[in-house]
Amino acid sequence: MTERFDCYYCRDNLHGKKYVMKDEKHVCTKCFDKLCANTCAECRRPIGADAKELNHKNRHWHEDCFRCAKCYKPLANEPFGARDDGKIMCGTCGSREDGNRCQACYKVVMPGTQNVEYKNKVWHEECFTCFECKQPIRSQSFLNKGDDIFCGPCHEKKFAKKCFHCKQPITTGGISYQDQPWHSECFVCHTCRKGLAGTRFTSHEEQVYCVDCYKTSVAKQCNGCKNPITGFGHGTNVVNYEGHSWHEYCFNCKKCSLSLANKRFVINGEDIYCPDCAKKL
């Protein structure tokens, strides 16, 4: 006598019929579809014994229902990703939805495309442009001013200090004199053109001179010692009288050598005397 081979639920004889094993139990297809089939996460209908079923993280789909939630592309044989909200997306749509967005055009920067990252932000390479000339920076050096990006030439043109002498931008180094910026190579003696950066110099009528040229070309000659009155070295005060000049320390009585700075004196030819010595002449 043949042993009975029945459906676990309806007890229908399964000899010669199609059946499904469910939890180690034999189930006819009719009972399976009615009592055991998983529900499709997309269409909410049972996934019958004759249907192809796909599953992912305890969720189930008909093969035809397993599609990208964005573009509806079938994903049975394609790479896909599951979002936190439960949606299934193809790789392209997932990247667009979750990828970094360009700071200029706000479109997604797709993985593998040329892009620029700066201060934890990202741009398409062609969107990372100079604020002034609007040209892509690409491999050039650049500088920022606040949130704006500038290529080197535009930054120099717009923000670099201009040399007081040649009026061109000062890109590196430079010196400051009387609150005015200069290129080091422009800050030279008016007479001999020697560079004055790091050396002693003086100015006269808005021109700068090295010490030697100031002594020989500009400085007045002391009427006492006949040397230039430069303001350098011993003493800086000057006495002027009727077109003549003296170092203060040279403005002394010809006879007794008394200093006559800020005192009464008498001129006799090119010599000066105190009043007492003048009376004896």
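Residues being crowded, with 16+ Cβ neighbours inside 10 Å, modelled with pLDDT under 85 and not in a strand (DSSP E or B): count how many of those fall in the stretch 13-32. Going through the stretch 13-32 one residue at a time, the tally reaches 1.
Of the set (1) in contact with a helix residue (DSSP H, G or I) (Cβ under 9 Å, 6 or more places away or on another chain); (2) surrounded by fewer than 19 Cβ atoms within 10 Å (Cβ to Cβ), all apply to Tyr209 but (2). Of all residues in the stretch 218-229, at least one satisfies being β-branched (Val, Ile, Thr), under 30 Å from Ile272 (Cβ atoms) and crowded, with 18+ Cβ neighbours inside 10 Å.
Where in the stretch 80-149 are there strands (runs of 3 or more DSSP E), lying fully within it, with 2 or more residues that are surrounded by fewer than 16 Cβ atoms within 10 Å (Cβ to Cβ) and at negative phi?
Values: elements: 80-82, 88-90, 115-118, 121-124, 142-145.
The strands (runs of 3 or more DSSP E) meeting that bar are 115-118, 142-145.
Anything in the stretch 176-196 that is surrounded by 16 or more Cβ atoms within 10 Å (Cβ to Cβ) and not hydroxyl-bearing (Ser, Thr, Tyr)? List them, or say none. Lay out the reasoning, then the answer.
Initially, the stretch 176-196 is screened for residues surrounded by 16 or more Cβ atoms within 10 Å (Cβ to Cβ), giving 181-184, 186-191, 196.
If the condition is that a residue be surrounded by 16 or more Cβ atoms within 10 Å (Cβ to Cβ) and not hydroxyl-bearing (Ser, Thr, Tyr), then Pro181, Trp182, His183, Cys186, Phe187, Val188, Cys189, His190, Leu196 are the ones that fit.
The values are calculated or read from the model by the stated rules, or taken from the named source; none is laboratory data. This one's a predicted model, so the numbers in the text were calculated from it and none came from an experiment. All Cβ positions, even for glycine, are placed from backbone atoms using ideal geometry, and neighbour counts span all protein chains on display.
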